1. In the range 1-68, what chymotrypsin sites (Phe, Trp or Tyr not before Pro) fall in a loop by DSSP, with at most 14 other Cβ atoms inside 10 Å?
2. Mind listing the phi-derived Karplus ³J(HN,Hα) values for the range 90-105, rounded to whole Hz, using 6.51, -1.76 and 1.60 with θ = phi - 60°, and x for any glycine or proline?
3. Give me the accessible area per residue for the range 1-72, probe 1.4 Å, as a whole number in Å².
4. Which far-off residues, 5 or more places away or on another chain, put their amide H under 5 Å from the one on A71, with H placed in the peptide plane?
5. Take the Cα gyration tensor of the chain, multiply each eigenvalue by 5, square-root it, and list the three semi-axes largest first, rounded to whole angstrom.
6. Just flag the trypsin sites (Lys or Arg not before Pro) in the range 6-101 sitting in loop per DSSP whose Cβ has no more than 10 other Cβ atoms within 10 Å.
7. Could you list which residues have their amide H under 5 Å from that of I104, counting only those 5 or more apart in sequence or on another chain, with H placed in the peptide plane?
8. Using a 1.4 Å probe on the protein heavy atoms, what percent of the accessible area of the range 50-125 belongs to carbon and sulfur?
Amino acid sequence: MKRFKIDLSEYSVAIQINKRNEETKKIELVTEEIPYPLKDNIYQWLRLPGIFKGGVEICDACDLAKQIRDAGDDIVLDEHEIGLLKTAMDKLISQESNPAQGVIALGGEIHETCIRRVFKAEEVK
């Protein structure tokens, strides 16, 4: 069975937020670097309702979510485990965005490193 190593180390992403300028009191769009909650995001994505079709997959995904949450900077997953993670992420990537309901498809600058780390995971012996 193939095994894949995923880099779970923390990294930063640049986001744009509205912030009040203390001197002018105007709201300005500024770019800030924030830490990306990689493990927390993956943990939550694997546990979302409606991602998996059966109870066995849900149980396996929840177990995997806990392994990832408790892992160090790297984790090695087998084909089944990485398949579960890719299934969850594919579903979130392909969902239709609906900002009014708080639904945003997974992608863009904020999530691209996370997506790359999972879908281009290094195969290990």
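1. Y11
2. With the stated coefficients, the range 90-105 comes to 4, 5, 6, 5, 8, 5, 7, 5, 8, x, 4, 9, x, 9, 10, 5 Hz.
3. 68
4. Amide H neighbours of A71, under 5 Å, 5+ apart: none.
5. Working from the Cα gyration tensor, I get semi-axes of 31, 18, 12 Å.
6. K25, K26, K53
7. When sequence neighbours closer than 5 places are left aside, the close amide H contacts are N98.
8. 49
The values are calculated or read from the model by the stated rules, or taken from the named source; none is laboratory data. Since this is a predicted model, take the numbers as computed values, not measurements. FYI the Cβ positions are ideal-geometry reconstructions off the backbone, even for glycines, and counts take in every protein chain you see. Heads up: the accessible areas ignore ligands, DNA and RNA and are worked out on the full protein's heavy atoms, side chains in. Shrake-Rupley method; radii C 1.70, N 1.55, O 1.52, S 1.80 Å.
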